[in-house]
Amino acid sequence: MMNALEALLRLPKLVLTIMALMVVAGISAYLTLPKESQPAIDVPYLYVSVNQTGISPADADRLLVSPLETELQDLPGLVSMRSTSTTGHASVMLEFDINFNKDQALSDAKDRVDRAAPQLPADADDPTVSEINISEFGSVTVALYGALPDRALYRYADQLRDAIQALPTVLDVDVSGDREEVLEVIVDLLKLESYNLTTNELFDALARNNLVVPAGRLDTGQGRFAIEVPGLIESADDVFNLPIKTDGETVVTFSDVATIQRTFKDAEVYTRVNGEPAVVLAVNKRLGANIIDLSNAVRATTETLSADWPQALQTSYILDQAVFAQDMFTSLQNSVLTAIALVLIVTVALLGLRPALLIGSAIPITFMIGFLFLQLMGMTINMMIMFGLVLTVGMLVDGAIVVTEYAERKIAEGLDRRDAFIAAARAMFWPILASTATTLAAFMPLLLWPGIIGKFMSYLPIMVIVTLSASFIVAMVFLPVIGAFTARRKVSAEERAAATMISGGQDFDPRRLRGLMGVYVRILSGLVRHPLITLIAGFGLIGVIFFAYANNPTGIIAFPEIEPEYATVAVTGRGNYSPVQIRDLLIEVEEQVLQVEGIRDTVLNFGSTGAVASVPPDTIGNLQLELLPYRDRRKAEDIFAEIRERTAGIAGVTVQMVGAEAGPPAGKAINMRVVSRDYAELTPTVTRLRDYIENELGDTIDIEDTRPLPGIDWQIGIDREMAGRFGLGVRELSPYVQLVTSGVQIGTYRPTDATDELEIRVRLPREQRTFDALDSLNIITQNGLVPVSNFITRTPVPKVADIRRWDGEYFMSVAANVTGDATMGSVKVEELRAWLETQDWPNGVRFDFAGADEQTNETNAFMAQAGTGAIFLMFLILLAMFNSFYQVFITLSTVVMSIAGVLLGMMITGQPFSAIMTGIGIVSLAGIVVNNAIVLLDTYNQMHRKEGIEPVTAILMTAAQRIRPVIMTTTTTVFGLIPMAIGVGIDFFSRTVEIGGPSGAWWTYLATALVSGLIFSTLLTLVLVPVMVAAPHIWWRQIRAIAAFLAGLAGTIARALGGLGRAPQPATASIALPDMPDSASRYINADRTGLVETERNGVIVVSRQAAE
């Protein structure tokens, strides 16, 4: 292996050519790789949906959901199954294992649904199975708003939609805020009666005259001709002039009894942007498209078209993921540049300019090779990939530092620079390989992280593994070749003497070492000779830190709180509000919100449409907020507080503020499910639980639950027996009810200026859409005209609630936010859990905590498994390298030191423990902190085992040689992470400094854990590892010295007792020297007179006068 490596290093032209090709390919990959704000992952969900007109939630649960769940419950890879039954609809959400085969799961689900279809009611629609793709959610949203007529606004929106749809990177465009066109036939009941007409005759007249007639062809013997019969309605005039009835010479047309107008359907929802009516276009990108390029193309297209639009029509870009992605990339790129600058400063200070530039060159070379690997793996550049670069900036130069420092020392000893770098590559190959392998071993278990969070976070370890693998190639192959051309040639005599002193065993003297190195080695020389006291003090300090944190915990959170850039004002209300009433209430809230400073755009929506996070079930509408950039506004919590204050006095509604969650969605701080097989037990249980949370638990706000909402519906009953006597049924009577609601569809037509068919609907005038008008309508029967009221009854009934099930069991949810800092959530959850255990609940009722608590528990469990797996992998790697259980134990003890450092850092900064980010930091530290111990032990083994240097001297020489690379590798890693840890971003191009920006806050907890753990463990490693290495030899020497003393004492006593009466003998001494590699193992008999023991360079010298 070493010979092959040396042979390659002696082919510099080949190596440099390969390096140049890989760097150029990496630059090309970076420029062409798609850039996204977040990793594109396959969400492991399938959605099964089935409709049946008019079916109640209870019937939908029994007739639609139950057959589907029975067939779907044992699908391969199924994790959970949730169903929702509403009026006229039922759905089943299937969650699979994150590593599922989407195509296979979709195929299996469709087969099971087809198997269940015959068990569904005959009048139910065919069930559908759909996959959920996050790429289908809007990548950028364009809003068109202004004081324009609806038709003009919709026309311009259609133009923009068609233009954007034509862009190659656009998958599709979803339009909201517009209304479908319809041809309305507004019937005048008085005119109907005056012409003795019924609504049935109107329906029949249009149906008879709006047909496609297949007339065929006519063969006359003189040719064959196609026959056309124009039977379709093509315009509103066709309906206007259509005859209904003829009485003698009088022809009654639609124009005589009705008003025909081409208009829009009644508004069921309203959309407004910044206080003006609006149409919103959500643009969805194609899979793998560059989000930044897409945004630029959409903006350019919009600007081009809008140049010819009226000045009253305005455009705004909201929820543009490219802005977030660009900010994130800029922040992380600045962090990379800052880290590179800090690394160069450190290396220049400790090694000089040339070595610093050589080490610094490893960073861009490694990055470009990493991007090349990413392209070969078919990945994209996203925020996780970019942070992987930031995380590895300091680590990837570790190998380069070790090789360069070793080569520089060999050059100082007089070796040629090419031979020096080849010698460095040969000597440091196994230590660097082991260090890289142990670091990779810490990150590899993170690839097995289950669930959506794990899939999302997996891009981080992938990038770390790719980058560190590339850094090993750079350190072992490219760097020695470059260094052979760029390193210095000459060294001073003083440098050579210093280098020789710490390299040769006989010349080593701690008292002659200068500077901080000399101070360190001399202090270490004293500590090494008193291992018991030193180890008790060192590990006692670690124990004190663990004890202090256990008694003063800083709290636990699932994910760091990030300053939101988007938010939702959820407006909740209860009652039978009409769309117009809801609109007016939302506008009242909107007027207050528009006065709040710090908001760039507001989008008003009905219901939960467009909300950036989960909203309460009684939400009637919401305002979607896009805040100004963080540097141009106050904190979001201050903005939210003002909105709450301004809207507190609006009657009929309440307002809840929901900030966009930057990490995995967790919902509110308290988030739980009440589960039971008996649906009747849920409502009283939830009522009792909510009452405790709202009135007794304390410090809770924004409380919500999914109990049935209060309200009434009108149930129209049809007397089938009475109707049957007149030859009628539900089919004949239902259109009369529709006349006073949304109208009766009697056909469709396609005008020449429209792309879609328009419905033709017959309805009553707005002022006649009442129950009184329904009662006054007459229907033709076999016995003549009969009032419709003879066959129908109206009954007010309670509003029907949706029915939800989780894995076949009924459930309702209860959620609430907690006042105070983020850690209060876990505290209140524990209080609530303790209260639940003290209460008596109905049999079969179960409480499942979800949201942040569920995320925290699942993440902590996985991190424990990942940490155990990482330690085991590192144990095998270290055992293969050292072949010593004791040295493996010494190396792994640094992991405990790093955990203590993390806890100390949290206590100093007051940061809570983030299950995700701090957890990743601790697992990552396990692979990083052992590197220093590996370098120390490898050098010690070289000196002690191969060169035969006495253990204490060997460990002191090791400390003298390796302190500089250890400090450099630690300092570069720490300096690379400090900008993230303290939340400082330096933009070198705009020459600005941002403090506490939201993009960097993602990684503050992780970076803080790495920095504090690495600093603390390195300080202890430089002391405790040498002491633990030398301790067995010191203790063994002390034991043998004590044994020899006792043996000599026993011999002296024996001789004294046995020599009574014999002539005295000259005094002699028997000294047992320890069995050491550099000394003889024998006994020496000598005259004791004048014997003096002195210690020099760790060796005991016995002479008749003090050793000089």
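Numerical summary
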{"quantity": "Boolean, GLY231 is in the same structural domain as LEU144 (by TED's automatic domain parsing), loosely packed, with under 15 Cβ neighbours inside 10 Å and in contact with a Leu (Cβ under 6 Å, 6 or more places away or on another chain)", "calculated": "no"}
{"quantity": "Failed condition for ILE693, given (1) surrounded by 14 or more Cβ atoms within 10 Å (Cβ to Cβ); (2) modelled with pLDDT under 85", "calculated": "(2)"}
{"quantity": "Some residue of the range 258-267 being surrounded by 11 or more Cβ atoms within 10 Å (Cβ to Cβ) and either farther than 22 Å from TYR749 by Cα or more than 59 Å from the chain's Cα centre (by Cα) (or both)", "calculated": "no"}
{"quantity": "Spans of helices (runs of 4 or more DSSP H) in the range 301-408 with at least 2 residues over 21 Å from THR436 (Cβ atoms) and free of Cβ contacts under 8 Å to residues at least 12 places away in the same chain", "calculated": "321-351"}
{"quantity": "Residue ID - nearest to ARG673 (Cα to Cα), chosen from residues in the range 767-825 that are among the small types (Gly, Ala, Ser) and free of Cβ contacts under 8 Å to residues at least 24 places away in the same chain", "calculated": "SER789"}
{"quantity": "Near pairs, Cβ below 9 angstrom, 6+ apart or cross-chain, from the range 42-65 (closer than 30 Å to GLY454 by Cα) to any residue that is of a type in the set (Gly, Ala, Ser) and not in a strand (DSSP E or B)", "calculated": "PRO44/GLY77; PRO44/ALA105; PRO44/GLY451; LEU46/ALA105; LEU46/ALA109; VAL48/ALA109"}
{"quantity": "Residues within the range 200-215 that are assigned to a loop (DSSP other than H, G, I, E, B) and touching a strand residue (DSSP E or B) at 6+ places or on another chain (Cβ under 6 Å), tallied", "calculated": "1"}
{"quantity": "Flag if GLN326 is surrounded by fewer than 21 Cβ atoms within 10 Å (Cβ to Cβ) and under 24 Å from the mean Cα position of the chain (by Cα)", "calculated": "yes"}
{"quantity": "Hey, VAL182 under 57 Å from the mean Cα position of the chain (by Cα) and part of a strand (DSSP E or B) or not", "calculated": "yes"}
{"quantity": "Qualifying residue in the range 126-142 (condition: on the phi < 0 side of the Ramachandran plot, free of Cβ contacts under 8 Å to residues at least 12 places away in the same chain and either surrounded by fewer than 16 Cβ atoms within 10 Å (Cβ to Cβ) or not assigned by TED's automatic domain parsing to the domain that holds VAL298 (or both))", "calculated": "no"}
{"quantity": "Among the residues listed as ARG496, ARG522, ARG488, the single one being part of a loop (DSSP other than H, G, I, E, B) and either modelled with pLDDT of 80 or more or out of contact with any Ser or Thr (no Cβ under 9 Å at 6 or more places or on another chain) (or both)", "calculated": "ARG488"}
{"quantity": "Selected residue (criterion: nearest to SER85 (Cα to Cα)) from residues of the range 709-734 that are in contact (Cβ under 8 Å) with a residue 24 or more places away in the chain and in contact with a helix residue (DSSP H, G or I) (Cβ under 7 Å, 6 or more places away or on another chain)", "calculated": "ILE716"}
{"quantity": "Residue among THR838, THR823 that is surrounded by fewer than 13 Cβ atoms within 10 Å (Cβ to Cβ) and at negative phi", "calculated": "THR838"}
{"quantity": "Qualifying residues in the range 679-718 (those that are assigned to a helix (DSSP H, G or I) and of a type in the set (A, V, I, L, M, F, W, C)) - the one nearest to VAL655 (Cα to Cα)", "calculated": "ILE693"}
{"quantity": "Residue count for the range 750-760, restricted to those that are aliphatic (A, V, I, L, M) and either assigned to a loop (DSSP other than H, G, I, E, B) or touching an Asp or Glu at 6+ places or on another chain (Cβ under 7 Å) (or both)", "calculated": "2"}
{"quantity": "Among (1) out of contact with any Leu (no Cβ under 6 Å at 6 or more places or on another chain); (2) not in a strand (DSSP E or B), the one test that THR259 misses", "calculated": "(2)"}
{"quantity": "Number of the condition not met by GLY844 [criteria: (1) crowded, with 16+ Cβ neighbours inside 10 Å; (2) touching a residue at least 40 places away in the same chain (Cβ under 8 Å)]", "calculated": "(1)"}
{"quantity": "Condition met for ASP111 (exposed (fewer than 14 other Cβ atoms within 10 Å of the Cβ), modelled with pLDDT of 85 or more and either among the acidic types (Asp, Glu) or over 33 Å from the mean Cα position of the chain (by Cα) (or both))", "calculated": "yes"}
{"quantity": "Those residues of the range 761-799 which are assigned to a loop (DSSP other than H, G, I, E, B), touching a strand residue (DSSP E or B) at 6+ places or on another chain (Cβ under 7 Å) and surrounded by fewer than 17 Cβ atoms within 10 Å (Cβ to Cβ), in sequence order", "calculated": "PRO765, LYS799"}
{"quantity": "Qualifying residue in the range 735-749 (condition: among the hydroxyl-bearing types (Ser, Thr, Tyr), in contact (Cβ under 8 Å) with a residue 24 or more places away in the chain and in a loop (DSSP other than H, G, I, E, B))", "calculated": "yes"}
{"quantity": "Matching helices (runs of 4 or more DSSP H) fully within the range 943-1061 where at least 2 residues are in contact with a helix residue (DSSP H, G or I) (Cβ under 7 Å, 6 or more places away or on another chain), of a type outside the set (Val, Ile, Thr) and modelled with pLDDT of 80 or more", "calculated": "951-981, 1004-1058"}
{"quantity": "Within the range 433-479, tally of residues that are touching a Leu at 6+ places or on another chain (Cβ under 6 Å) and either assigned to a loop (DSSP other than H, G, I, E, B) or of a type in the set (Gly, Ala, Ser) (or both)", "calculated": "3"}
{"quantity": "Test: ASP753 is within 53 Å of the chain's Cα centre (by Cα) and either of a type outside the set (A, V, I, L, M, F, W, C) or crowded, with 19+ Cβ neighbours inside 10 Å (or both)", "calculated": "yes"}
{"quantity": "Residue count for the range 455-482, restricted to those that are of a type outside the set (Gly, Ala, Ser) and within 10 Å of LEU396 (Cβ to Cβ)", "calculated": "5"}
{"quantity": "Output for the range 76-102, where each listed residue is modelled with pLDDT of 85 or more and out of contact with any strand residue (DSSP E or B) (no Cβ under 7 Å at 6 or more places or on another chain)", "calculated": "PRO76, THR86"}
{"quantity": "Search result, residues across the range 855-876 that are surrounded by fewer than 22 Cβ atoms within 10 Å (Cβ to Cβ), β-branched (Val, Ile, Thr) and touching a residue at least 24 places away in the same chain (Cβ under 8 Å)", "calculated": "ILE871"}
{"quantity": "Meets criteria (touching a residue at least 60 places away in the same chain (Cβ under 8 Å), in a loop (DSSP other than H, G, I, E, B) and either closer than 29 Å to THR741 by Cβ or in contact with a Phe, Trp or Tyr (Cβ under 8 Å, 6 or more places away or on another chain) (or both)) for ASN576", "calculated": "yes"}
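The values are calculated or read from the model by the stated rules, or taken from the named source; none is laboratory data. These figures come from a predicted structure and were not determined experimentally. Methodologically, a virtual Cβ is constructed for each residue, glycine included, from the backbone with ideal geometry; neighbour enumeration extends over all protein chains shown.
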